[in-house]
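The values are calculated or read from the model by the stated rules, or taken from the named source; none is laboratory data. Treat the numbers as computed from the prediction; the structure is a model and nothing was measured. Reconstructed Cβ throughout: ideal geometry from the backbone, glycine too, with neighbour counts over all protein chains shown. Heads up: the accessible areas ignore ligands, DNA and RNA and are worked out on the full protein's heavy atoms, side chains in. Shrake-Rupley method; radii C 1.70, N 1.55, O 1.52, S 1.80 Å.
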Amino acid sequence: MDLSAAGWVLAVAAAVLVGLSKGGLPVVSMLAVPMLALVMSPVAAAGLLLPVYVVSDMFGLWAWRKAYDRRVLAIVAPAAVLGIGLGWATASMVSDRMVGGLVGLIGTLFALNAIIRPRIGGAREARPGPGIFWGTITGFTSFVSHSGGPPWQIYALPLGMDKLVFAGTSTILFAWINAVKLVPYYALGQLSGESLRLAVLLMAPAALAVLAGVRLVRVIPQDKFFRIVTWALLAMSLSLLWKAV
């Protein structure tokens, strides 16, 4: 996995995006795998970044240890494990493009509705049925292509959580998902000694980016924060749709 100078720039940039997402800026990490896919295969990129995700998660867990919604995590986290299991079981049958296209379509419709009618219905209760469904989709898409952000936000954004609670709940959920993913990724041969050595070098910029992300979340006004999240969801969903077609 020898990288050129441009490849190293992209790898460090991808690690920074991962760190920013663990600092509470959701969705931006979805750019990481496509960015690295410019200089290596998407499968290799996903395997390389998973250890970076896991180490960044540790910093994110510490930063957001007091800000999270216990009920939401109790609903979504077990369902995400089911989704990861489905992704593992169907790894050879389901294409990234198919999953990405479906998630992109749903995310686009949700984001457009949120932009056009931002306050309709007010905050919703965290109900188990939708949480189990979207949690399963989140785990599945995260396993397939590290793209669990859109389905998670489709469930979480209407709950009306405070921005700090939203950021903390998101960080804790995906820390759990990434830890569980280590087992099937290793079993499928996506974690190698070579990729782990490279990942170690990317952990420092990722860790620094976590702290920067936490700072940004704390200073951005809440309304603006969720507008950014919604527009980021739209951008990433359109990107997934474009890749699918």
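The single condition among (1) open to solvent by 40 Å² or more (accessible area, probe 1.4 Å); (2) more than 25 Å from Leu238 (Cβ to Cβ); (3) in a helix (DSSP H, G or I) that Met93 does not meet is (3). The set of residues from region 138-169 being among the polar types (S, T, N, Q), out of contact with any Gly (no Cβ under 7 Å at 6 or more places or on another chain) and either free of Cβ contacts under 8 Å to residues at least 24 places away in the same chain or under 19 Å from Ser237 (Cβ atoms) (or both) comprises just one member, Gln153. In region 180-198, which residues are in contact (Cβ under 8 Å) with a residue 40 or more places away in the chain, assigned to a helix (DSSP H, G or I) and open to solvent by 50 Å² or more (accessible area, probe 1.4 Å)? The answer is Leu182, Ala187, Glu194, Leu196. Just the residues that are more than 18 Å from Gly101 (Cβ to Cβ) and either in contact (Cβ under 8 Å) with a residue 24 or more places away in the chain or open to solvent by 70 Å² or more (accessible area, probe 1.4 Å) (or both), please, taken from region 122-135. If the condition is that a residue be more than 18 Å from Gly101 (Cβ to Cβ) and either in contact (Cβ under 8 Å) with a residue 24 or more places away in the chain or open to solvent by 70 Å² or more (accessible area, probe 1.4 Å) (or both), then Gly122, Ala123, Arg124, Glu125, Ala126, Arg127, Pro128, Pro130, Gly131, Ile132, Phe133, Gly135 are the ones that fit.
State yes or no: is Gly19 modelled with pLDDT under 85, at negative phi, part of a helix (DSSP H, G or I) and in contact with a Gly (Cβ under 9 Å, 6 or more places away or on another chain)? Taking the combined requirement at face value, the residue does not satisfy it.
Confirm whether Met161 is open to solvent by less than 50 Å² (accessible area, probe 1.4 Å) and part of a loop (DSSP other than H, G, I, E, B). Yes, satisfied. Restricting Trp88, Trp64 to residues that are surrounded by fewer than 21 Cβ atoms within 10 Å (Cβ to Cβ), closer than 29 Å to Leu159 by Cβ and of a type outside the set (Val, Ile, Thr) narrows the list to Trp88.
The combined condition, being without any contact (Cβ under 8 Å) to a residue 40 or more places away in the chain and open to solvent by 80 Å² or more (accessible area, probe 1.4 Å), is fulfilled by Leu201.
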